[in-house]
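For reference, the structure discussed in these notes is given below.
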Amino acid sequence: MSRYDLEDEEITALLAGEPRFRLQQLQEALYQRFEEIEEISVLPKALRERLSHLPEFAPALSVANEQRADGGRTVKWLFHLDDGAAIETVLMHYRDHSTVCISSQAGCAMACSFCATGHGGYLRQLSTGEIVEQVIFAARRARADGRRLDHVVFMGMGEPFANFDRVWRSVERIVNDIGLAARHVTLSTVGLIPQIRLLAEHPLQVNLAVSLHAANNELRSELVPINRRYPIERLVTALEEYFAQTHRRISFEWALIAGVNDTPKDVAELAPIANRLHAHVNLIPLNPIRDIAPGAMKGSSPERVAEFANELGALGVNATIRRTRGRSIDAACGQLAVMANRPVPVRVTRHRVE
Ligand code: SAH
């Protein structure tokens with residue numbers, strides 16, 4: 001549980017005896033100024049004192065480790081949750097924006113063959129508040145760095161669509177309460193069709209990213225096993241309907257693995273699908289992960305990655321190459337791997353007041 005799980009009625013109950021405007025004061029402090037209870041100076045000291053001792057307001061995330069890379073512009077946190085589960089969150093500062101990559105589950109059940117999180121297995125769902133608190137934590141850090149957090153990607157640990165309701169409630173919080181633009185929020189999925197349909201019914205203009213990685217069923221089932229349940233042709237139909245209904249941008253993620261999915265045949269299979277859906281293709285040079293035997297799967301060379309993008313471009317597909325932020329600290333795509341049953345680094349500090 002996190003204080004960011006609390007709905008208005010629950011906070012009102014905890015504020016028993018206080019004037020009604022306290023609710024709004026507290027909400028603004030928590031969601032817009034990212035304050036800890038002790039720091040909320042608009043509240044009387046005695047009230048702060050009382051609230052700070054309520055278990056409902058204790059932070060849900062404790063920092064167990066913090067690592068930096070890319071000259072300090074990438075920060076990865078390992079957080080422990082109150083039941084011992086652990087997750088990772090990555091904050092990335094770019095020239096003109098700052099993005100946080102958040103986890104939606106502790107672990108992941110999707111078992112994609114090239115993903116470290118998938119190799120670690122699934123532990124549990126995160127609550128809405130545990131998801132939101134990652135954003136708040138990163139927003140607070142961004143502010144301390146003289147930046148403003150403005151983008152959120154659900155591309156950390158877990159499959160967001162396998163935790164749809166809590167994830168959606170967290171998106172509402174991020175947009176309505178924290179105030180980020182829905183267009184700056186991206187949900188990434190392995191391609192769970194029922195939830196893609198569900199997303200189309202939801203009003204906010206969020207971006208949808210689909211981890212495609214292969215455009216034929218034989219290869220995709222090997223890389224992304226859920227493809228056996230939701231094969232490509234059905235996925236593409238669902239995405240066509242999604243696009244027709246929402247006109248919201250779809251992008252495909254494609255981790256380039258040398259000799260596996262980076263050949264001209266792959267370009268020829270991917271291009272018609274991307275064109276049909278007006279989808280953008282995000283090429284990710286495969287990031288090394290520890291659980292894969294060296295040599296078993298290698299990322300395509302930078303030259304091949306660039307050619308692949310050009311070959312797609314020649315067929316009318318809009319393709320970009322994703323920057324590999326945080327590789328040196330295992331913070332890049334597919335490298336987040338932390339399980340409660342694995343030994344984790346020392347020094348647990350609560351993040352109450354910096
Ligand atoms: N479960 C969701 C959210 C995770 S997003 C999803 O799969 O979409 C993380 C992205 O990084 C996904 O596109 C995933 O397929 C990709 N990825 C996983 N392992 C990778 C690796 N070793 N190198 C590059 N990308 C990887």
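At a glance:
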{"quantity": "Sparse-neighbourhood loop sites, trypsin sites (Lys or Arg not before Pro) in the stretch 203-278 - DSSP loop, at most 15 other Cβ within 10 angstrom", "calculated": "229"}
{"quantity": "Coil-residue GluC sites (Glu not before Pro) of the stretch 181-281, DSSP, other Cβ within 10 Å capped at 11", "calculated": "201"}
{"quantity": "Average Cα contact separation per residue, the stretch 89-329, under 8 Å, 6 or more apart, as relative contact order %", "calculated": "16 percent"}
{"quantity": "Local net charge near residue 33, Cβ-Cβ under 11 Å (Lys/Arg +1, Asp/Glu -1)", "calculated": "-2"}
{"quantity": "For the stretch 274-325 versus the stretch 72-117, the gap between their alpha-carbon centres in whole angstrom", "calculated": "21 Å"}
{"quantity": "Rg and Dmax [Cα atoms of the chain; Å; Rg one decimal, Dmax integer]", "calculated": "20.9, 69"}
{"quantity": "Dipole of the chain, positive direction: furthest Cα of 21, 315, 189, with charges on the beta-carbon", "calculated": "315"}
{"quantity": "q = 0.29 Å⁻¹, the stretch 3-55: log10 I(q)/I(0) [Debye, one scatterer per Cα]", "calculated": "-1.54"}
{"quantity": "Per residue, in Å², the accessible surface of the chain once ligands and nucleic acids are set aside, probe 1.4 Å", "calculated": "43 Å²"}
{"quantity": "Sequence-distant lysines (8 or more away, or on other chains) whose Cα lies within less than 27 Å of residue 265", "calculated": "298"}
{"quantity": "Ranked packing of 133-142, 5-14, most packed first, by mean Cβ within 10 Å", "calculated": "133-142, 5-14"}
{"quantity": "Lone cysteines, the chain (no partner Cβ under 4.7 Å)", "calculated": "101, 108, 333"}
{"quantity": "Neighbourhood net charge (10 Å Cβ-Cβ; Lys/Arg +1, Asp/Glu -1) for residue 67", "calculated": "-1"}
{"quantity": "Extension gain from residue 248 to residue 124, taking 0.36 nm per residue of separation minus the Cα-Cα distance", "calculated": "41.6 nm"}
{"quantity": "Of all accessible heavy-atom area on the chain, the percent that carbon and sulfur account for (1.4 Å)", "calculated": "52 percent"}
{"quantity": "Selection from 302, 93, 288, by position along the positive dipole direction of the chain (Cβ)", "calculated": "302"}
{"quantity": "Furthest towards positive pole of dipole, 129, 69, 108, structure part the stretch 1-149, Cβ charges", "calculated": "69"}
{"quantity": "The chain - charge dipole about Cα centre, Lys and Arg +1 at Cβ, Asp and Glu -1, debye rounded to 20", "calculated": "640 debye"}
{"quantity": "Peptides ranked, highest mean first, by Cβ atoms within 10 Å: ranges 67-73, 255-261", "calculated": "255-261, 67-73"}
{"quantity": "Sum of side-chain charges, residue 149 neighbourhood, beta-carbon under 10 Å (Lys, Arg +1; Asp, Glu -1)", "calculated": "+3"}
{"quantity": "Accessible surface, 1.4 Å probe, highest first, among residues 21, 57", "calculated": "21, 57"}
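The values are calculated or read from the model by the stated rules, or taken from the named source; none is laboratory data. All figures in this text were calculated on a predicted structure; none of them were measured in a lab. Cβ sites come from the backbone with ideal geometry, for glycine too, and all protein chains shown count toward neighbours. Accessible surface areas use protein heavy atoms only, side chains included; no ligands, DNA or RNA. Shrake-Rupley method; radii C 1.70, N 1.55, O 1.52, S 1.80 Å.
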